[in-house]
Protein chains: 2
Amino acid sequence: MSFVSSVPQLHHIPYALWQPLPLDRVRLEAGFWKNKQDLNHRISLEHAHRMLEQWGNFQNFRIAAGYAQGSYQGREFLDSDVYKWLEAVAYDLIPNPSSSLRQLAEAAIDLVAAAQEPSGYLNTYHQLVKPDAHWSDLDHGHELYCAGHLFQAAIAYHRATGETKLLAIATRFADHIDATFGPNKRSGTCGHPEIEMALVELYRETGEERYLKLAQYFIDERGKGKMRGLGWYGAEYHQDRVPVRQATEIEGHAVRALYLLSGVTDLYLETGEEALLKSAMSQWHDMTSGKIHITGGVGSRYEGESFGVAYELPNDQCYCETCAAIASIMWNWRMLLATGEARFADVMEQTLYNGFLSGLAADGQHFFYINPLLSRGGYIRAEWYPVACCPPNIMRTLTSIAQYIATRDSSGVQLHHYASCTIQTPLLSLRLETDLPWQGKVKITVTAASDMPCTLSLRIPVWTDKAQIFVNGELATVSTANEYAHLGRTWKSDDVIELDLPMYPRLIEGHPMIESTRCSVAVQRGPLVYCLEQQDQAPGVDILGVEIDENSPLIVEQNSHRLEGISTIRASGYALDTSGWASDLYKPLGTIESRSRRSVELKFIPYYAWGNHDAGAMRVWIPRSSL
Amino acid sequence: MSFVSSVPQLHHIPYALWQPLPLDRVRLEAGFWKNKQDLNHRISLEHAHRMLEQWGNFQNFRIAAGYAQGSYQGREFLDSDVYKWLEAVAYDLIPNPSSSLRQLAEAAIDLVAAAQEPSGYLNTYHQLVKPDAHWSDLDHGHELYCAGHLFQAAIAYHRATGETKLLAIATRFADHIDATFGPNKRSGTCGHPEIEMALVELYRETGEERYLKLAQYFIDERGKGKMRGLGWYGAEYHQDRVPVRQATEIEGHAVRALYLLSGVTDLYLETGEEALLKSAMSQWHDMTSGKIHITGGVGSRYEGESFGVAYELPNDQCYCETCAAIASIMWNWRMLLATGEARFADVMEQTLYNGFLSGLAADGQHFFYINPLLSRGGYIRAEWYPVACCPPNIMRTLTSIAQYIATRDSSGVQLHHYASCTIQTPLLSLRLETDLPWQGKVKITVTAASDMPCTLSLRIPVWTDKAQIFVNGELATVSTANEYAHLGRTWKSDDVIELDLPMYPRLIEGHPMIESTRCSVAVQRGPLVYCLEQQDQAPGVDILGVEIDENSPLIVEQNSHRLEGISTIRASGYALDTSGWASDLYKPLGTIESRSRRSVELKFIPYYAWGNHDAGAMRVWIPRSSL
């Protein structure tokens, strides 16, 4: 296997302050994220293959290819799940080149090839169900959306294996789309953004500028207010209310909004058009100052799977789709490359460890589509979904997650996220060792260095406030900017940088305009948000009727018996006696004379680890006992 | 015009403790509800006629009748809006027999007649769009639902005018349905309950027992777990998860659940089958102890327009559909008849004055479909909706609202709701005068009496605790049971009963397991829940960032300049300075050192009156300043 390329390697991104590293240059080693990646490799990817067979995704391709008889099965976007799975397998092949998954992938690619029309068009739903109506429902038909996922899979497979078969399918389809859409051709853009960032990446992979121009065309076409919304929503559902460059609020379907912003930021990274970055910045501020949960979850509303208005952040009825968390990670990564500001990496980290990872069960084969911060019971992970966007999206995120760890520029290397891994760059190669998120220490060993001066930049996460850096055992004086510590010197092999990020459990409160956090606190330690799960509490303690004593210490317990290796946290609190309420919901103030309660111990686990046992209650925000 | 019948007159309901009065025997006089009824008569009913023309409802009938060319317009249940409007107009004709609305109604009835198939079948959507597929989608097709609304309209028109044309259409269709469905015939029941209560009423109106049996059949068919749900919902969406008699939880689509329970309770009232009442009671307890807002609004979730789980009562993302409030009123009325317990009338009253009435704008021609308890801005009343179930449902409720005031039995008369009106019964005729909901006094004058002993029973509303009753100026000693005061004597003309229901503004708190009311209070006076609306506050006071001083007095101001005649309430509170939060949503506890705030005056208006000006913010639950 030869690596022709990797997450963008050959292509220099002109308006990125820092360049991403090829995925084969960052290899996870034993640790938290490697465990997740291994689970994905061992269990999830094969599970997904079975599911894609069981739910008809592969069969749709067989029928479209003429290999089988029958009718199309499922919703109109089922092809995209095959593509996301192919992308996930592709990146998995980088650390696991001789994996048996490769055969499964090659068979799938053969099917995809066989289903493609001579024109280059490829979408089994439209080929089988609406053969005479290609592009007839851009608002809701998901044709360009599926194409985008095909492109991303093809790029990944090419980068991982050097094979060009899937890339050729992708470029044939991209050429067909380019011949179909554009000025003086058919107008319009896809109701579900995705193709924009895929086309920019296809341009990066192939050097074909038409793809970049086509991405720009689809972005420019947006915001004419013509798309049919959904339910109570109008054009804002599709981010079509205002032109992209005029948008200041993040609105509508969350995954759509964030995929679009990923594409918009990608376009900025290539063209440097300031209006694009300015709009993205406004929307980022709008999101982070009013529309994001403490878990990084976004999309407050079931209705339209969409963003709400500022401070509308319900714990129970939020949507916080796993795909939206992934989309937020993708967008924040691009904003980080564009700006070099750690706040984007902070949002990535908060999302990765909480609202993203909660989507995956400990067994690797059950998933949450929706990630609430409060369950009164009844939320159960499923092995798959009729709309199965999330499971393979989790898989491709895990197999490509190492891309987010580090970047390089002409003068150095930047570390954004800390996981045990090895990193190779032209100036510097590194080995990272850490027990994050359980311990806040990171040991960085220089394994190779040029004899040139080189700046190593380390992100200082927002969750710590007394970070210290030691170089070869001595406290280092560093310059900091945008929450990065910069260590400039001529490095040599075996230099050791130790990063100490003190990590203690903290109580977090929410902005007073958020209803769902009122008089409550959440427990956080390092990047991990914690939660109470019913099954962990003593008998008779109903977590829906407890308070936390915010003045008592939070006790961290390492190596709990539960869920291999996680740290749990104990707190003191109270169980409320609500018997005075009988069956009433509302009473005149003062009718309930005294609040009767008894002391109890509260046991917290990391939020991402909830929902691995039964369908019991769970909550993140706990009322304060002093109020 | 002769009154052949009225809300059930000829028919004695065997298992009702109390019998309803014909609508022509209770006539509203100048006062709160008469104002609403007059607005409905003057504005809403004609507005609806224009909308039914504009949105194609009438045109669908014309096309089905062969009077016009074209294709069906709108969703599959548009016929039902015509029927609800006809029912509303019918009851409006009782106090307004020479209204020009009658001509509009007769023209509509002629259209309906012309559209009916020779078989008796009548549903313009299925006739025009799926002519060969009658009854092919009972789960979502709404055919029996529309039939039920036709029957209710026909009964109303017959009762109000004595005309039988619409009733004949209804019975012809009912006979067709009866010939189609049942044991040894086609099986199944409608995904949207409605026909059950309509068939029971059609039985009451015509004496035809087949209709009662058919209602029972449709109720018995429910709960086989076979219906396709919607979105994230399975069969529980349609109340099809468990058989009706085994249901203990109220679940799924709120209007469906409550229409079904109305039909189930109606069936109990005719058959006396205890299992039906027992199940209804369990579901009532489930609803009122965990799933109803302080406004009487029900249906916590946008998703599926449905009930949530216990204590899931969000202020902003609740659905609280106007139709669900109406359905709750209908069901609680039937439970009151079945049990004689005032708690059902209490729920009716709480709903009528708040979560129902909020659906209607002060101008009579704009409506809320959804009735949140918190708006951060953006909720706007519409003149009509693509799914327009609510507006004509409001109209039929207002024109028939007098039916809920009083009942009779062999020994007396019972008053459940207090509005200025005249009441005629065989034993006793009364005149009620009251300024409710602004003042808590009711004057009841006997205008005719038989020379028999007769018990006058007066409901003591749950919102007062020092009720007094005077008879001819002297404090009366009364026996009370189930929150009714019973006054037994031989009444004579000009006897005066004065009911004093002390009414002072109160702060209400919510059950500690409700998240959205945490550390907050609502203001209530009498049956009215109050709210803050942004436009009423002093400049610079953002109602989304205020607290109420729960120890300061609440000042009632009568005859406000706003919205003709309403009482407003002033309270002391604080406006929070949230500048310390900058653009952060979450901070470690203690980071915001002190809560900076300034004293402000808070001006409350009745909840039902909100949303009559702009799309500004509104909230019912206000954080307490001492917490």
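The values are calculated or read from the model by the stated rules, or taken from the named source; none is laboratory data. None of the values given here were measured: they were computed from a predicted structure. Neighbour counts are summed over all protein chains in view; Cβ atoms, including those assigned to glycine, are modelled from backbone coordinates with ideal geometry. Only protein heavy atoms, including side chains, enter the accessible area calculation; ligands, DNA and RNA are left aside. Shrake-Rupley method; radii C 1.70, N 1.55, O 1.52, S 1.80 Å.
Numbers below:
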{"read-out": "Region B:248-325-region A:430-472 distance, computed between alpha-carbon centres (Å)", "value": "58 Å"}
{"read-out": "Low-density loop positions, GluC sites (Glu not before Pro), region B:290-326 - DSSP coil, at most 12 other Cβ in 10 Å", "value": "none"}
{"read-out": "Distance violations [Cα-Cα > 27 Å] among A:36/A:603; B:84/B:165; B:291/B:466; A:603/B:291", "value": "B:291/B:466; A:603/B:291"}
{"read-out": "222 nm mean residue ellipticity, helices alone, for the protein assembly as shown (DSSP H n ≥ 4; -39,500 (n - 2.57); rounded to 500)", "value": "-9500 deg cm²/dmol"}
{"read-out": "Extreme residue, positive dipole direction of chain A, given options A:369, A:325, A:456 (C-beta unit charges)", "value": "A:456"}
{"read-out": "As computed over region B:508-623, the Cα convex hull volume per residue (Å³)", "value": "134 Å³"}
{"read-out": "Centroid-to-centroid separation of region A:60-113 and region B:63-129 [C-alpha atoms, Å]", "value": "53 Å"}
{"read-out": "Debye intensity ratio in log₁₀ form over the Cα atoms of chain A, taken at each q of 0.05, 0.09 Å⁻¹", "value": "-0.22, -0.73"}
{"read-out": "Spherically averaged projected area in nm², based on the convex hull that wraps the Cα atoms of the protein assembly as shown", "value": "48.7 nm²"}
{"read-out": "Surface share of carbon and sulfur [accessible, 1.4 angstrom probe, percent] for chain B", "value": "48 percent"}
{"read-out": "Share of Cα-Cα pairs in region A:245-394 lying beyond 28 Å, as whole percent", "value": "17 percent"}
{"read-out": "For residue A:476, label point 7 Å along C-beta direction: distances to other copies, nm", "value": "8.9"}
{"read-out": "Cα principal axis extents for region A:407-500, largest first, Å", "value": "34, 25, 25"}
{"read-out": "Sequence-distant lysines (8 or more away, or on other chains) whose Cα lies within less than 22 Å of residue A:492", "value": "A:441, A:443"}
{"read-out": "Other-copy label distances relative to residue B:103, 7 angstrom Cα-Cβ extension, nm", "value": "8.4"}
{"read-out": "Loop trypsin sites (Lys or Arg not before Pro), region B:504-613 (other Cβ atoms within 10 Å of the site Cβ: 15 or fewer; DSSP)", "value": "B:595"}
{"read-out": "Other-copy label distances relative to residue A:184, 7 angstrom Cα-Cβ extension, nm", "value": "7.6"}
